Amino acid sequence: MSKTNINENIVESLIGKTTEKKRSKIPARLDFIQSATGLTLSLFIMFHIIFESSILLGKESMYMLTKFFEGAYIIEGGSPLFIVILALVVTIIFVAHSLLAMRKFPSSYREYSRFRTHAKLMNHTDTNLWFMQVITGVMIFFLGAVHLYTVMTQPENIGPYASSDRIYSDGMWILYLMLLVTVVTHTGVGIYRLIMKWGWFDGENPKKNRIKIQKIITAVTAFYLFIGLLSLVSYMKIGHEHQDNYGERYHLSGSMEVK
Ligand code: HEM
């Protein structure tokens, strides 16, 4: 980067305008990246919960899916390295999205209390939803970090018995329950706010469409909460039945493969 470019960047970051006195494009770009990373994570989580719910179809289904993500179609028997790479990519997007969101948080008690008073006076749904995103976002930042760290450091410990032992015997169900509720609501509200912000489905009658979108998102969110909770109960049940054999891996019937 040339010296002139560096100087221009310094001026732009300090006064919010370029050296030619034009409005800085940085805030709009950051806003766009925040939306794009949010949308990517939302899609990831929607697929993730569906894949996790494979346990509802039986241990064998979850085992086969795990093997698929371990790249068993490329390398014989698969390798946990594929899981680590996927988790690393997700972590980078997760951290980028969190840092971008943090720049809009109230930065002092005075700013926070001004916001709360304003929100109470207005009682505006979208303002309240933004506050809900802040609370759930902070919780996901900590809970999600623990989960991603576990996945990256123990990628070989994923499977019908390994996951159930972690959830039941290691007591991780508390973390998963909190993560499930916060991440599903954060995703639902996030997608609603994205649709409103970029006016994706405004159509001829934005007001009517807004109500329709609210109803669809509420129904989809409830569906995800339901299958997420059901899967968690299923892992708990398997973990409870398997507690005396903690650490033993799942055997695919008729083969020597274990997980
Ligand atoms: C590539 C990265 C990820 C992998 C490989 C992964 C894998 C898993 C696995 C195997 C489980 C089952 C429990 C266990 O074995 O410990 C699980 C559960 C869960 N994960 Fe992830 N995860 C990833 C990223 C995330 C992220 C970023 C979030 C949200 C911030 C998340 C939220 C959840 C939730 C809420 C559950 C419980 C699901 C339920 O109750 O049905 N995961 N994940």
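Some observations on this one:
- Computed from backbone phi with θ = phi - 60° and the Karplus coefficients 6.51, -1.76 and 1.60, the 3J(HN,Hα) list for the range 169-186 is 5, 8, x, 6, 4, 5, 5, 5, 5, 5, 5, 4, 5, 5, 6, 5, 5, 4 Hz; x is used for glycine and proline.
- Length gained when the stretch residue 131-residue 110 is fully extended (0.36 nm per residue, less Cα-Cα span): 6.0 nm
- Between the residues 211, 138, 233, the greatest Cα displacement towards the positive end of the dipole of the chain, with unit charges on the Cβ of Lys, Arg, Asp and Glu, is found for 211.
- Computed on the range 25-245, with alpha-carbon pairs under 8 angstrom and 6+ residues apart, the relative contact order is 29 percent.
- Amide hydrogen neighbours beyond the local backbone of residue 251, cut-off 5 Å, H modeled: 259
- Shape descriptor for the chain: Rg over Rh equals 1.05 (Cα atoms; Rh from the Kirkwood inverse mean 1/r).
- Under the combined filter of DSSP loop state and at most 10 neighbouring Cβ atoms within 10 Å, the range 198-259 retains these GluC sites (Glu not before Pro): 204.
- Label-point gap, in nm, between residue 117 and residue 56 - each point 7 angstrom along Cα→Cβ: 4.8
- Computed about its Cα centre, the charge dipole of the range 25-245 is approximately 1460 debye, with only Lys, Arg, Asp and Glu carrying charge at their Cβ.
- If R0 is 51 Å, the Cβ-Cβ spacing of residue 233 and residue 26 corresponds to a FRET efficiency of close to 0.65.
- Between the listed residues 247, 183, 154, the Cα displaced farthest toward the positive end of the dipole of the range 149-259, a dipole computed from Cβ unit charges relative to the Cα centre, is found at 183.
A short reminder: the numbers here are calculations on the coordinates, not readings from a lab. Remember, it's a predicted structure, so these values are computed and weren't measured experimentally. Counting neighbours? That spans all protein chains shown, and the Cβs are built from the backbone with ideal geometry, glycine included.
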